[in-house]
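Trainee: Got a structure for you, questions after.
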Amino acid sequence: MADLRIRLQTRLDLFLKEKLKSSGLSHKSTYFIVERGFGDFRSGRPERRRNRKRNQQDETRMDELDRHIIKELKQDGRKSAKAIAEVVSVSAVTVRARIRALEKSGQLQVVAVTDFAAAGYGILVMAGVEVEQRHPNEVGMELAAFDQVLAVNLTAGAHDIEMLIGATDLSSLANFLENEVGTVPGIGRLSPAIALEVHKYQSETEAIQ
Amino acid sequence: MTVFDKTDFDILGYLTENARITNQEIASKLGLAEGTIRVRIRNMIDDKSIRFTAITRELDVENPTLCFVGLRIDLPKLTSSVNELAQFPEIRFVATTVGRYDALAIVVVDSVEALSKLVGERFMSIDGVRRTYSSVVTKTLKYDYRWGRVI
C-alpha cells in the first residue's frame, strides 16, 4: 500500500514539475501545489493581468451564473454540462463555455481528491509548533518541503505553526517525527492531536492565500 | 476501500489534474476501453476513495479569515457536540482528536469580531463544550488539494 501511494505521489509530482517548468514557475517549489493551480493567474505584473479580458468583463469578477455553476461542481465535479444546465436554467453550451472561461482565467480548477486512507495515510496528525529563536516562516517553509506534511499554516495564537501530517502507521509517524521533523532547527515544542474521526471536510479552503 | 492498481493510478493522474476530462479521452490516452475507465471510476467513487470537486480563488466569504479552533469537550458528549459543530457553515473541517484537544475545527469567518461571536457565544452554548483555544492563520504556506477526507 505504501509503495502504491509513493508511486502515485511520484507520478503526480513528475507531472507537476513538468507543468511548473512549462509555466515558468520552476523556481518556486513543487510543493506549493496551490501556486501551480493558479500560477498563470498570479504570475505577471498586475497591469498585465488587468488587461487580460474575459467577455469584456474584469476576469476577477464572477457573476451569479458562474457561482451557481461552481456550486454544482463543488458537489460533483464530474456532473455533466447537461445536468448542470438543467439546474441553472441555461443551455449546456453556455455551461461548457463558462467552465472553460473560468478555468482559462485561473479562477477554477475541477479536480479529483483522493481520500487520505485510500492514499495510504492511515493516520492524520494536526500538530501545533512552537518556534524558538527563528522566524516561523523559515521553519514553516522547511516543514512544507516534506511530502508527508500535507498543509502548513502560520498562526497567531497558542502556536506559531499549525501543520497537517499524514502517516501510514504509528511507527512511520515516529520515524518521520524523529528523523525528518526533528532535523529542522527552531522547533521548540510540538503539540500533536491525532485525528480519530473526521466529521466534516470541505476542500475549498485552500483558496485563501 | 479500493486497493489501487497501476491502471487506477494512471486514471487518477489525469483526474487529479482535470476532473472534467472525459472517460473517452482517458481511454484513448491509456489505450483502454471506455467501459473500463467508467467502471473503475465508478468503483473508486462508490467506496469513497475519491471525490470530484471545484477549487476556486474566490470564497463564499468576503475578507476570509481562517482560524484553527481547538476544543475541550466532556468526553461522554464528544460525538454529539462534534456533530452539532459540523452543522455550522463557518466550520470547514472538524475532527475528534486525541492529544492536545478533544476536537479540532477549522473555521472561516469574515472578521475577528465574527470569530469572537462564533466561538464565544455559539460554540460555548453547545452542550458539552468546556473551553476553546483559537489561533488565527496569518499565512498559508502549503495546502495539497490532492488528498482529503471523502465523507
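Trainee: So B:L71 ticks every box in (1) aliphatic (A, V, I, L, M); (2) farther than 17 Å from A:K200 by Cα; (3) buried (at least 21 other Cβ atoms within 10 Å of the Cβ); (4) more than 7 Å from every other protein chain (Cβ to nearest Cβ) but one. Which box is left unticked?
Mentor: (2)
Trainee: Being free of Cβ contacts under 8 Å to residues at least 12 places away in the same chain and either of a type in the set (K, R) or within 30 Å of A:R189 (Cβ to Cβ) (or both) is the requirement here; does B:R72 meet it? Spell out the reasoning first.
Mentor: Details: free of Cβ contacts under 8 Å to residues at least 12 places away in the same chain: no; either of a type in the set (K, R) or within 30 Å of A:R189 (Cβ to Cβ) (or both): yes.
So B:R72 fails the test.
Trainee: How many of the residues in the stretch B:12-32 are crowded, with 18+ Cβ neighbours inside 10 Å and within 9 Å of another protein chain (Cβ to nearest Cβ)?
Mentor: In the first step, residues of the stretch B:12-32 are kept if they are crowded, with 18+ Cβ neighbours inside 10 Å; the result is B:12-13, B:15-17, B:19-20, B:23, B:26.
Filter once more, keeping what is within 9 Å of another protein chain (Cβ to nearest Cβ): B:12-13, B:15-17, B:19-20.
The number of residues fulfilling the criteria is 7.
Trainee: Kindly indicate the residue of the stretch B:104-135 that is farther than 16 Å from B:V82 by Cα and touching a Phe, Trp or Tyr at 6+ places or on another chain (Cβ under 8 Å) and also nearest to the other protein chains (Cβ to nearest Cβ) among those meeting that condition.
Mentor: Residue satisfying both the conditions and the ranking: B:S135.
Trainee: Only one of B:N63, B:N83 is surrounded by fewer than 21 Cβ atoms within 10 Å (Cβ to Cβ) and more than 7 Å from chain A (Cβ to nearest Cβ); which? If you could, list the steps in order and put the result at the bottom.
Mentor: Details: B:N83 fails: more than 7 Å from chain A (Cβ to nearest Cβ).
Selected residue: B:N63, the only one of B:N63, B:N83 that is surrounded by fewer than 21 Cβ atoms within 10 Å (Cβ to Cβ) and more than 7 Å from chain A (Cβ to nearest Cβ).
Trainee: Follow-up question, since we're still on this one. Could we say that B:V94 is more than 8 Å from every other protein chain (Cβ to nearest Cβ), within 18 Å of A:Y201 (Cα to Cα) and among the β-branched types (V, I, T) here? Can you show your working first?
Mentor: On the way: more than 8 Å from every other protein chain (Cβ to nearest Cβ): no; within 18 Å of A:Y201 (Cα to Cα): yes; among the β-branched types (V, I, T): yes.
No; evaluated as a whole, the condition is false for this residue.
Trainee: Next question, about the same structure. List pairs: first residue in the stretch A:160-186 and in contact (Cβ under 8 Å) with a residue 24 or more places away in the chain, second residue surrounded by fewer than 17 Cβ atoms within 10 Å (Cβ to Cβ) and part of a helix (DSSP H, G or I) anywhere in the structure, Cβ distance under 6 angstrom, at least six positions apart or on different chains.
Mentor: As it stands, the answer is A:T168/A:A2, since those pairs meet every condition given.
Trainee: Still on this structure, please answer the following. Among the residues of the stretch B:1-60, which ones are out of contact with any strand residue (DSSP E or B) (no Cβ under 9 Å at 6 or more places or on another chain), modelled with pLDDT of 90 or more and outside any helix (DSSP H, G or I)?
Mentor: Within the stretch B:1-60, B:I21, B:T22, B:G31, B:L32, B:A33 qualify.
Trainee: Report whether or not B:T65 is touching a Leu at 6+ places or on another chain (Cβ under 9 Å) and over 21 Å from B:K117 (Cα atoms).
Mentor: For B:T65, the condition - touching a Leu at 6+ places or on another chain (Cβ under 9 Å) and over 21 Å from B:K117 (Cα atoms) - is not met.
Trainee: Scanning the stretch A:82-131 for residues that are away from every other protein chain (no Cβ under 11 Å), free of Cβ contacts under 8 Å to residues at least 60 places away in the same chain and among the charged types (D, E, K, R), which turns out farthest from B:G148 (Cα to Cα)?
Mentor: By that ranking, first place goes to A:E86.
Trainee: A follow-up question, please. Which fully enclosed strands (runs of 3 or more DSSP E) of the stretch A:132-209 have 2 or more residues being more than 8 Å from every other protein chain (Cβ to nearest Cβ)?
Mentor: Details: elements: A:149-156, A:161-167, A:187-201.
Once the strands (runs of 3 or more DSSP E) in the stretch A:132-209 are filtered for at least 2 residues that are more than 8 Å from every other protein chain (Cβ to nearest Cβ), what remains is A:161-167, A:187-201.
The values are calculated or read from the model by the stated rules, or taken from the named source; none is laboratory data. Since the structure is predicted, the reported quantities are computational estimates derived from the model, not experimental observations. With ideal geometry, Cβ positions are generated from the backbone for all residues, glycine too; neighbour counts draw on all protein chains shown.
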